[in-house]
Amino acid sequence: MKYYIKTFGCQMNEHDSEIIAGILESAGYQPAEDLAAADVIVINTCCIRESAENKIWGYIGNLKACKYQKPGVILAAVGCMMQQKTIVDLLKRQGRHLDIVLGTYQQHRLPEYISRVLAGESPIVDISEDNQDFPDELPCRQSCKYSAQVNIIYGCNNFCSYCIVPHVRGRERSRDFSAIMSELHSLAKTGIKEIMLLGQNVNSYGKDWRRQGQTEAPDFADLLQAASQVEGIERIRYMSSHPRDFSPQLVDIISDLPKVRDYYHLPLQSGCDRILQAMNRGYSTADYQAILAQIREKTPQAAVTTDLIVGFPGETEADFQQTLDFVAKCRFDAAYTFLYSPRSGTPAATMAEQVPLAVKKERLQRLVALQNSISLEHNQEYLGQNVQVLVEGLSKNNPDFYTGRTSSNKIVIFKGQPEQIGQLVDLTITGAKTWHLEAF
Ligand code: 5AD
Ligand code: SF4
């Protein structure tokens, strides 16, 4: 039997798909070359914004044709979108051709459910958000030979008022420390040079154990320090972190870890204190600025990126102006910018004063224009500098060139060789654009 996985959404979903592939291959399935060749099609879904959901419904709708052409094909939809409270009703209308519907924490049961469908049972729906019994060790099919993602914590306790994640991924549950460390050691043995530690809020690692009274339980800083000791791993990244939990001690510890310290992603969301409070973010712009000042003082070479949402309910032009002013002050290397998207079941979705789409779009354009000019200025500071780049492969936009990343996560385009893929190479920066650097 052959499987095909289509993934939507964030890096956590990308990694979940690697695990689903690992689980299916351990059960004897093989990857299909394309959709048409597959006996089992898995759609790994995301519900963080409405735009993602719309795309996924479109994709699920198109799969009706596959079922029509090949009635025996098994269709499974998995992941966070499937865990929403309203999904069962929607599935009755738009997803009746699906055989299996699973939440994030039931994916390891896929082979068992496929056997049950083969035996005549369909549809099967299993969508609990409870992650307590989710196994700490699952097979994984690495999609990249030099960079790997490793889950460290599941779920989120933060309940930012716009965010659906805590409603679908359940409460924080840290993954066993020794399971993580043994995964890192085996990845290093296979030649992995870069790891990305994954969680909705990695800073919370270990806090669930401490809340249960295990005062000596390891925390995120301990994990970063231990991961830094793994020989062969040259770079350690993490995604995503929360400014409220970014303590001065953590910045101090990271500053002493060369494999970690050159890149920070610290989601700000808004530069207006009133909006931050309405978002339930738990920090002020002054708090944020204090962390940033410490990062810049300890590691002036570090790049800092952020996430920003425009058009949160009640955001006035003056509030938005405060975000622009704060972004100009923080001088991020880059920002991932999003239009606020109302998510059913979150407090913000029913707040009064929803901002019209046209206003959101216009604000987004101004924010992007400002950030682009700052990003370019940052990149120009690299001109003439020597950097070490982890080579990723041929550039998608220009196949005459190779692409890789600096320790500060900047993309560098250069004239490379196929044998350099997965290696660290030294380059001198000769050109700077908004989104990348050049070395040729
Ligand atoms: N609307 C827009 N952006 C959102 N994000 C999370 N929820 C929403 C939403 N409802 C953004 C945040 C978060 C990133 C992963 O997605 O900026 O940091
Ligand atoms: Fe969503 Fe906030 Fe949790 Fe991030 S920290 S996943 S934005 S609730």
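The table that follows gives values for the structure above.
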{"item": "Where a residue in the stretch 92-103 is in contact (Cβ under 8 Å) with a residue 60 or more places away in the chain and its partner, wherever it lies, is outside any helix (DSSP H, G or I), with Cβ under 6 Å and at least six apart", "result": "103/127"}
{"item": "Subset of the stretch 320-346 (residues that are surrounded by fewer than 18 Cβ atoms within 10 Å (Cβ to Cβ) and of a type in the set (Asp, Glu))", "result": "325"}
{"item": "Check on residue 102, within 16 Å of ligand 2 (Cβ to nearest atom) and either farther than 23 Å from residue 221 by Cβ or of a type outside the set (D, E, K, R) (or both)", "result": "no"}
{"item": "Some residue of the stretch 84-101 being among the acidic types (Asp, Glu) and either farther than 23 Å from residue 55 by Cβ or touching a Gly at 6+ places or on another chain (Cβ under 9 Å) (or both)", "result": "no"}
{"item": "Selection count where residues are surrounded by fewer than 19 Cβ atoms within 10 Å (Cβ to Cβ), free of Cβ contacts under 8 Å to residues at least 60 places away in the same chain and within 16 Å of ligand 1 (Cβ to nearest atom), scope the stretch 130-173", "result": "1"}
{"item": "Scan of the stretch 239-258 for residues that are among the polar types (S, T, N, Q) and free of Cβ contacts under 8 Å to residues at least 12 places away in the same chain, ordered by number", "result": "247"}
{"item": "Residues being more than 11 Å from the chain's Cα centre (by Cα) and outside any loop (DSSP other than H, G, I, E, B) - total across the stretch 190-201", "result": "2"}
{"item": "Residue ID - farthest from ligand 2 (Cβ to nearest atom), chosen from residues in the stretch 10-28 that are closer than 12 Å to residue 110 by Cα, outside any loop (DSSP other than H, G, I, E, B) and hydrophobic (A, V, I, L, M, F, W, C)", "result": "24"}
{"item": "Pick from the stretch 29-68, criterion away from ligand 1 (no atom under 16 Å from the Cβ) and in a loop (DSSP other than H, G, I, E, B), ranking: surrounded by the fewest Cβ atoms within 10 Å (Cβ to Cβ)", "result": "34"}
{"item": "Selection within the stretch 191-238 - touching a Gly at 6+ places or on another chain (Cβ under 9 Å), touching a residue at least 60 places away in the same chain (Cβ under 8 Å) and among the aliphatic types (A, V, I, L, M)", "result": "223"}
{"item": "Number of the exception - residue 179 against (1) hydrophobic (A, V, I, L, M, F, W, C); (2) within 24 Å of residue 130 (Cβ to Cβ); (3) within 16 Å of ligand 1 (Cβ to nearest atom); (4) surrounded by fewer than 22 Cβ atoms within 10 Å (Cβ to Cβ)", "result": "(3)"}
{"item": "From the options 211, 244, 235, 169, residue that is charged (D, E, K, R), farther than 26 Å from residue 390 by Cα and touching a strand residue (DSSP E or B) at 6+ places or on another chain (Cβ under 7 Å)", "result": "169"}
{"item": "Matching entry among 178, 143, 174, 128 (being touching an Asp or Glu at 6+ places or on another chain (Cβ under 8 Å) and more than 16 Å from ligand 2 (Cβ to nearest atom))", "result": "143"}
{"item": "Residues of the stretch 69-107 satisfying the condition of being within 14 Å of residue 164 (Cβ to Cβ) and surrounded by fewer than 23 Cβ atoms within 10 Å (Cβ to Cβ)", "result": "84, 85, 86, 87"}
{"item": "Entirely in the stretch 330-424, the strands (runs of 3 or more DSSP E) that have 2 or more residues that are away from ligand 2 (no atom under 16 Å from the Cβ) and in contact (Cβ under 8 Å) with a residue 40 or more places away in the chain", "result": "386-394"}
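Any read-out appearing in this document is the output of simple, stated calculations on the displayed coordinates, not a laboratory observation. Keep in mind the model is a prediction, meaning the values are calculated, not measured. Heads up, the Cβs are rebuilt from the backbone with ideal geometry, glycines too, and the neighbour counts pull from every protein chain shown.
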